[in-house]
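*Asks:* First, the structure itself, so that you have it in front of you.
The values are calculated or read from the model by the stated rules, or taken from the named source; none is laboratory data. Computed from a predicted structure; not experimentally measured. Because the Cβ atoms are built from the backbone with ideal geometry, glycine has one as well, and the counts that use them run over all protein chains shown.
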Amino acid sequence: MLSHKEKKAFLKKETILKKKIHYFDWTASGLAVKCIEKRIRKILPFYANPHSESSSHSKIIGEIYENARKNLKTFFGLDSSFALISCGFGSSAAIKKFQEIMGIYLPPQTKSNLNLENLDKSLLPLVIIGPYEHHSNELSFREGLCEVVRIPLDTQGLIDLEMLQHILSSNTHRKIIASFSLASNVSGIIAPFAEISHLVRKYGGIVCFDMASSSAYFDIPSHFYDVAFLSPHKLLGGIASSGILIIKRALINKTLPPTFCGGGVVGYVSRTSQLYFANEEIREEAGTPGILEFIRASLAYQLREEIGQEWIANSKKELIKILKEFLENESKITIYGNPNYNSNGTFSFNIQNKSPYEIANKLSKDFGILVRAGCSCAGPYGHDLLGLKDNTIFEQKPGWIRVSLHYTHQKKEIHYLCNSLKILCK
């Protein structure tokens, strides 16, 4: 068995990245690894569309594809009550698929054609979202056939559970969907998923978690949710993976046609009629699926499991401690969120009187350090953190520097990052 140091060195060697580059943008996207790319290359000679039993390659790819689905269900501890559906790229596509299934998503032109813009939203489903949401888990609901309520931050900068309780108890007569980010892609704060799940289910609501920023590192037991949105491209080895929707089968109304009707979802089509497959996964993956994308997602989660979630957590813990202490002790740096609750290793901050965009550019050009500047696609949370008024015209787009720590990082890289930031603080 490899020691901690040997394991980290092996993972570093397997990661595909230009030499002398220090990658701290893992919350945006993962990196490729040699072992998964090697597996994909072995599959390529057998590549074919899976929707056939008569061709040998089609059958082989179909079996590999479904085995990938089976493995993913095992990794997430899903029983037969859950369906696992490949959809587009990232959790954004998974959220859209969920909204289509629930009747919330409609294209804007369709809403305009049917004059639905002025509907009384109090008659529609109530969607409750958290304060940390990525735009995909907020804007898409704002534009959907539902009413959206955003739970604010409490005095500690965490989810206000008392307000959640109040909103739930005030809307017992309505269909309720709660969709919360499991981990903030800005501040690394992990949502109190057990408490959220208990409260929402107490009032008969559907529990959804956006796991885009969390599932690269850890899972939660599946009994805490009804729906999950995954972004496998954020995993080590997961680049170019498909988005994944995990959903309770009972939420899919099979008396209706699939959300999109195309090849692969029908058992029979005549000139005047059609019969759709009953299997929820087949009927919601119309057309040729992202075959390699889905297989790659499964391989990335397999690698995560082989590394071990406990090992990942322990590795990140020591790295988080180093960066947190530096940021808190550097007088010219302002950290956003509550760093005492940051256990996922995503830090957002600004340097006094300096543009985050200029700092990110200098880190890249002068030090070979790749971070991300901006609002991290979390504008409403950004307004809270930066104390901004809504609908204000800004001379420069507001934002921060975001650093994402990863279990493959070595301590010397964190110290190099800290020293580089110290130079830029002067």
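*Asks:* When you look at Ile151, is it β-branched (Val, Ile, Thr) and within 19 Å of Leu245 (Cβ to Cβ), yes or no? Working first, answer last.
*Replies:* Details: β-branched (Val, Ile, Thr): yes; within 19 Å of Leu245 (Cβ to Cβ): no.
When the stated conditions are applied, Ile151 does not pass them.
*Asks:* Residue check, His406 against (1) outside any loop (DSSP other than H, G, I, E, B); (2) of a type outside the set (Val, Ile, Thr); (3) under 23 Å from Ala183 (Cβ atoms), all met but one. Which one?
*Replies:* If we test His406 against (1) outside any loop (DSSP other than H, G, I, E, B); (2) of a type outside the set (Val, Ile, Thr); (3) under 23 Å from Ala183 (Cβ atoms), just (1) comes out false.
*Asks:* Now for a separate question. Quick one: in region 337-348, which of the residues that are surrounded by fewer than 21 Cβ atoms within 10 Å (Cβ to Cβ) and in contact (Cβ under 8 Å) with a residue 12 or more places away in the chain is nearest to the chain's Cα centre (by Cα)?
*Replies:* Ranking the qualifying residues of region 337-348, first place goes to Ser343.
*Asks:* Out of Leu256, Leu235, Leu245, Leu230, report the one residue that is out of contact with any strand residue (DSSP E or B) (no Cβ under 9 Å at 6 or more places or on another chain), crowded, with 24+ Cβ neighbours inside 10 Å and at pLDDT 95 or above.
*Replies:* Criteria check complete, one pass: Leu235.
*Asks:* Residues in region 308-328 that are more than 20 Å from the chain's Cα centre (by Cα), surrounded by fewer than 22 Cβ atoms within 10 Å (Cβ to Cβ) and hydrophobic (A, V, I, L, M, F, W, C): how many?
*Replies:* Total satisfying the criteria: 6.
*Asks:* Check region 192-215 and report whether any residue there is surrounded by fewer than 18 Cβ atoms within 10 Å (Cβ to Cβ), of a type in the set (A, V, I, L, M) and not assigned by TED's automatic domain parsing to the domain that holds Tyr341.
*Replies:* Within region 192-215, one or more residues are surrounded by fewer than 18 Cβ atoms within 10 Å (Cβ to Cβ), of a type in the set (A, V, I, L, M) and not assigned by TED's automatic domain parsing to the domain that holds Tyr341.
*Asks:* Could you list, in sequence order, the residues of region 174-188 that are over 10 Å from the mean Cα position of the chain (by Cα), of a type outside the set (D, E, K, R) and not in a strand (DSSP E or B)?
*Replies:* The answer is Val186, Ser187, Gly188.
*Asks:* Separate question: Return the only residue of Cys146, Cys87 being assigned by TED's automatic domain parsing to the domain that holds Arg249, under 22 Å from Met163 (Cβ atoms) and modelled with pLDDT of 95 or more.
*Replies:* The conditions single out Cys146.
*Asks:* While we're on this one: Only one of these is in contact with a Ser or Thr (Cβ under 9 Å, 6 or more places away or on another chain), farther than 21 Å from Ile190 by Cα and either of a type outside the set (Val, Ile, Thr) or not in a loop (DSSP other than H, G, I, E, B) (or both): Ala286, Ala313. Name it.
*Replies:* Unique residue meeting the criteria: Ala286.
Rundown of residues vs (1) in contact with a helix residue (DSSP H, G or I) (Cβ under 7 Å, 6 or more places away or on another chain); (2) among the polar types (S, T, N, Q), yes/no style:
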{"residue": "Val207", "(1), (2)": "yes, no"}
{"residue": "Ser214", "(1), (2)": "no, yes"}
{"residue": "Ile220", "(1), (2)": "yes, no"}
{"residue": "Ala228", "(1), (2)": "no, no"}
{"residue": "Leu235", "(1), (2)": "yes, no"}
{"residue": "Ala240", "(1), (2)": "yes, no"}
{"residue": "Lys248", "(1), (2)": "no, no"}
{"residue": "Pro258", "(1), (2)": "yes, no"}
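*Asks:* Consider Asp120 against the criteria (1) among the charged types (D, E, K, R); (2) surrounded by 19 or more Cβ atoms within 10 Å (Cβ to Cβ); (3) out of contact with any Lys or Arg (no Cβ under 9 Å at 6 or more places or on another chain): it satisfies all of them except one. Which criterion is unmet?
*Replies:* (2)
*Asks:* A follow-up question, please. Report whether or not Ala93 is outside any loop (DSSP other than H, G, I, E, B), within 15 Å of Ala228 (Cα to Cα), in contact with a Cys (Cβ under 9 Å, 6 or more places away or on another chain) and assigned by TED's automatic domain parsing to the domain that holds Ile246.
*Replies:* The answer is yes for Ala93.
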